[in-house]
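**Student:** Here it is, the structure in full.
The values are calculated or read from the model by the stated rules, or taken from the named source; none is laboratory data. Bear in mind the structure is a predicted one, so any value in this text is a computation, not a measurement. All Cβ positions, glycine included, derive from the backbone under ideal geometry; neighbour counts span all protein chains shown.
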Amino acid sequence: MEKTFEASLAELEKIVSQLENGDLPLEESLKLFETGVKLSRVCRDRLTAAERRIEVLMKDGNGNLSLSDLPPDSREPTTDAPPIKRIVFGED
């Protein structure tokens, strides 16, 4: 079964920490670096896929990305704060 994004990111962070310590033999460092690069690519690809899914969900009836107000979360008390805005990912 494929790792979740969160599991991949946690493993990548662990690898970065190990490499930053600098206490590993060269071959082990190279192996960890290679694994880290692969995990970095997996995470980047998953974020890109999530961004594309969000873009599809955020398109209006004309196919344009839109920024609109979100209703306040019903679990939180209502305040006079400005409405929450959606994040729109896309090319300028």
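**Student:** Just for the stretch 22-39: of the residues that are farther than 10 Å from Leu12 by Cβ and of a type in the set (D, E, K, R), which one is modelled with the lowest pLDDT?
**Tutor:** Only one residue fits best here, namely Asp23.
**Student:** If you scan the stretch 40-82, which residues turn out to be modelled with pLDDT under 70 and either part of a helix (DSSP H, G or I) or surrounded by 10 or more Cβ atoms within 10 Å (Cβ to Cβ) (or both)?
**Tutor:** Once the filter is applied, which keeps residues that are modelled with pLDDT under 70 and either part of a helix (DSSP H, G or I) or surrounded by 10 or more Cβ atoms within 10 Å (Cβ to Cβ) (or both), the stretch 40-82 yields Leu65, Ser66, Ser68, Asp69, Pro72.
**Student:** Another question, if that's okay. Could you check the stretch 1-24 and list, in sequence order, the residues that are assigned to a helix (DSSP H, G or I) and of a type in the set (A, V, I, L, M)?
**Tutor:** Ala7, Leu9, Ala10, Leu12, Ile15, Val16, Leu19
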